[in-house]
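Enquirer: Please see the structure below; I have some questions.
Laboratory data are not the source of any read-out in this text; all were calculated from the coordinates shown. Not measured: the values here are computed from a predicted model. Cβ sites come from the backbone with ideal geometry, for glycine too, and all protein chains shown count toward neighbours.
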Amino acid sequence: MQLRELGLRHFARFKVQRLRARRVAPGTPLTIHTPLGRHALVMRAGTSDAHVFSQIYVEREYRCLDDVPTADLVVDCGANVGYASSYFLSRYPTARVVSVEPEPGNYATLVRNVEPYGDRSTTIQAGVWSSSVGLVVEEVEPGQGREWAVTVREARDDEAPSVMAVDLATILRDSGAERISILKVDIEGSEAEVFSRHTDGWIDRVDNLVVELHGDRCREVVLAAMEGRGFEVSECDELTVFKRPRSTN
């Protein structure tokens, strides 16, 4: 699959960069290319970046959206270093993408990866939550390759928040759009909070949702929130996919 999706030249370059990443200091920025992206991407050595790149551009995690022909607004919750955002910006050349990521190192790399797309891209350093509250970013141990598994929690009264939260109704309002064409959610368990409260301002204005559910409680909360909303539900690898039926007119 890797050779088929990347092509021989890009496959060889990907392999070379993965080998090089093992020989340089962790965090060293490397450049990686893919025919599915309009611009080169930054990959940090010794991190989970290579695994995320492989998921999105090699295994094509979002192939479940191949039948979505156009998109106006895409919201990427848990954007990590921007590989999914860059994928959507490339696949839908007229779409605007709002990317939300709380962890500072991931966020800095995200900004670099979406910068070539200009004003079609908006980045927000925040955690996605059900309301605007202070959040604490749980730090991951360096060198463990867990940069893609950052979690957040609500700050206690006696501690300073790492970042502020942003809710989906606010993101949609600030975008000026009427609807979210594609909502991607991979927020390491926070989906239970996002889908449990204050959903009326945005959930019926989503056309396609792809969400990675982390545990039984998250699955229960999200499925309950989406029930009766007119979506067709399917599974694609680790993703649960909700799509509104396309009109045949």
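Enquirer: Could you give the size of the charge dipole of the stretch 64-243 about its Cα centre, using +1 on the Cβ of each K and R and -1 on the Cβ of each D and E, expressed in debye and rounded to the nearest 20? All intermediate terms of the calculation are to be shown ahead of the outcome.
Expert: Numbers: 16 positive and 34 negative charges, 110 e Å.
Charge dipole, the stretch 64-243, about its Cα centre: 520 debye, nearest 20.
Enquirer: GNM on the chain, C-alpha springs below 10 Å: top fluctuator among 61, 139, 212?
Expert: 139
Enquirer: Now for a separate question. Could you identify which residue out of 215, 78, 189 has the top mean-square fluctuation in a GNM of the chain using Cα springs shorter than 10 Å?
Expert: Comparing 215, 78, 189 in the GNM, the peak value goes to 215.
Enquirer: Ignoring everything except DSSP H segments at least 4 long, calculate the 222 nm mean residue ellipticity for the chain; use -39,500 (n - 2.57) per segment, divide by total residues, nearest 500. Could you put the intermediate results ahead of the total?
Expert: Values: 7 runs with 68 residues, N = 249.
Rounded to the nearest 500, it is -8000 deg cm²/dmol.
Enquirer: Count neighbours as other Cβ atoms within 10 Å of each site's Cβ, and list the trypsin sites (Lys or Arg not before Pro) in the stretch 137-205 that are DSSP loop with at most 10 such neighbours.
Expert: On the way: sites: 146, 153, 156, 173, 179, 184, 197, 205; in loops: 146, 156, 179, 197.
Sites meeting the loop and neighbour criteria: 156.
Enquirer: Give, as a single signed number, the net charge of other residues whose beta carbon lies under 14 Å from the beta carbon of residue 232, with Lys and Arg counted +1 and Asp and Glu -1. Write out the running numbers ahead of the final one.
Expert: Working: positive: 229, 243, 244, 246; negative: 67, 207, 227, 235.
Result for the local shell: 0.
Enquirer: Take the alpha-carbon centre of the stretch 189-249, take the same for the stretch 70-110, and report the distance between them in whole Å.
Expert: Here the answer is 19 Å between Cα centres.
Enquirer: Then there is this: Return the distance in nm (one decimal) between the two label points of a simple spin-label model at residue 204 and residue 224, each offset 7 Å from Cα along Cα→Cβ.
Expert: Using points 7 Å along Cα→Cβ, the separation is 2.0 nm.
Enquirer: Follow-up question, since we're still on this one. By residue number, which cysteines of the chain lack any other Cys whose Cβ falls under 4.7 Å from their Cβ?
Expert: For the chain, the answer is 77, 218, because their Cβ atoms have no other cysteine Cβ under 4.7 Å.
Enquirer: Right, next: Going by how many other Cβ atoms sit within 10 Å of their own, how do 239, 73 line up, fewest first?
Expert: Values: 239 20, 73 23.
Neighbour counts put them in this order, fewest first: 239, 73.
Enquirer: May I ask for log10 I(q)/I(0) of the stretch 166-249 at q = 0.25 Å⁻¹, from a Debye sum over the Cα atoms as equal point scatterers with solvent left out?
Expert: Values returned for q = 0.25 Å⁻¹ are -1.42.
Enquirer: In whole angstrom, how far apart do the alpha carbon centroids of the stretch 24-39 and the stretch 158-174 sit?
Expert: Taking the Cα centre of the stretch 158-174 as reference, the centre of the stretch 24-39 is 30 Å away.
Enquirer: Would you mind ranking 164, 43 by Cβ crowding within 10 Å, fewest neighbours first?
Expert: Values: 164 16, 43 24.
By the 10 Å Cβ count, ascending: 164, 43.
Enquirer: While we're on this one: With unit charges on the beta carbons (Lys and Arg positive, Asp and Glu negative) and the dipole taken about the Cα centre of the stretch 64-243, which residue among 210, 71, 113 sits farthest to the positive side?
Expert: Of the listed residues, the answer is 71.
Enquirer: Moving on. Quick one: length gained pulling residue 149 to residue 66 fully straight, 0.36 nm per residue minus the C-alpha distance?
Expert: Values: separation 83, 0.36 × 83 = 29.88 nm, distance 2.61 nm.
Contour length minus Cα-Cα distance gives 27.3 nm.
Enquirer: Same structure again: So for each of 128-135, 107-114 I average, over its residues, the number of other beta carbons within 10 Å; can you give me the resulting order with the highest mean first? Before the final figure, lay out each step's value.
Expert: On the way: 128-135: 18.8, 107-114: 21.6.
Result, highest mean Cβ count within 10 Å first: 107-114, 128-135.
Enquirer: Could you tell me whether the stretch 64-243 comes out rounded, prolate or oblate from its Cα gyration tensor? Rule is a ≥ b ≥ c as square roots of the eigenvalues, rounded for a/c under 1.5, then prolate if a/b exceeds b/c, otherwise oblate. Display every interim value, and only then the final one.
Expert: Values: a/c = 1.44, a/b = 1.14, b/c = 1.27.
Here the stretch 64-243 falls in the rounded category.
Enquirer: In the chain, which whole DSSP H runs stretch at least 18 Å along their own axis (Cα) and average -1.0 or higher on the Kyte-Doolittle scale? List each step's numbers first, then the result.
Expert: On the way: long enough: 2-21 (23 Å, -0.59).
Those that pass (Cα extent of 18 Å or more, hydropathy at least -1.0) are 2-21.
Enquirer: Go ahead and set up a Gaussian network model of the chain, Cα springs under 10 Å, then flag whichever of 222, 24, 100 fluctuates most.
Expert: 24
Enquirer: For residue 138 and residue 159, calculate 0.36 nm times their separation in residues minus their Cα-Cα distance, and state this gained length in nm to one decimal.
Expert: Values: separation 21, 0.36 × 21 = 7.56 nm, distance 1.31 nm.
Length gained between residue 138 and residue 159: 6.2 nm.
Enquirer: If you place +1 on the Cβ of every Lys and Arg, -1 on the Cβ of every Asp and Glu, and leave all else neutral, what size is the dipole of the stretch 186-249 about its Cα centre, to the nearest 20 Debye?
Expert: Numbers: 8 positive and 15 negative charges, 81 e Å.
Roughly 380 debye for the stretch 186-249.
Enquirer: Let me ask something additional. Can you give the FRET efficiency to the nearest 0.05 for residue 51 and residue 232, using r as the Cβ-Cβ distance and R₀ = 41 Å? Don't jump to the answer; show the numbers that get you there.
Expert: Numbers: r = 30 Å, r/R0 = 0.72.
The pair residue 51/residue 232 has a calculated efficiency of 0.85.
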